[in-house]
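Q: My structure is below; once you've seen it, I'll send some questions.
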Ligand SMILES: [Zn+2]
Ligand SMILES: [Zn+2]
């Protein structure tokens, strides 16, 4: 009988590092839904914060995050889908207005 070692289910809970970026600033995030493969970008991507796929309504963490340049704050306000943004839901108001 083969010696089948049982793997210990030792999942390290990295609750801190859910996103590539770990700072406190807002970043430009790149997302891809694992279910429908739809990709999107958001100028309101925060550390350890998901956004929701519009089609599948599952939470997606960004695979890439680029810190925003200061000049970006002068851009006209774009529509920010509050109901899809984990940060907004967490805060209870629009994360852009912090
Ligand atoms: Zn999806
Ligand atoms: Zn938001």
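Q: Given the peptides 29-39, 44-54, arrange them by the average over their residues of other C-beta atoms within 10 Å, most packed first.
A: Highest-to-lowest ranking by the protection proxy: 44-54, 29-39.
Q: From the gyration tensor of the Cα coordinates in segment 27-97, what semi-axes in whole Å does the equivalent ellipsoid have, largest first, with each one equal to sqrt(5λ)? Could you put the intermediate results ahead of the total?
A: On the way: eigenvalues 77, 40, 22 Å².
Equivalent ellipsoid of segment 27-97: 20, 14, 11 Å, largest first.
Read-outs: derived from the displayed coordinates by stated rules, not from any lab. Owing to the predicted nature of the structure, the values given are computational and were not obtained by experimental measurement. Positions of Cβ are generated from backbone atoms using ideal geometry, with glycine treated the same way; all protein chains shown enter the neighbour counts.
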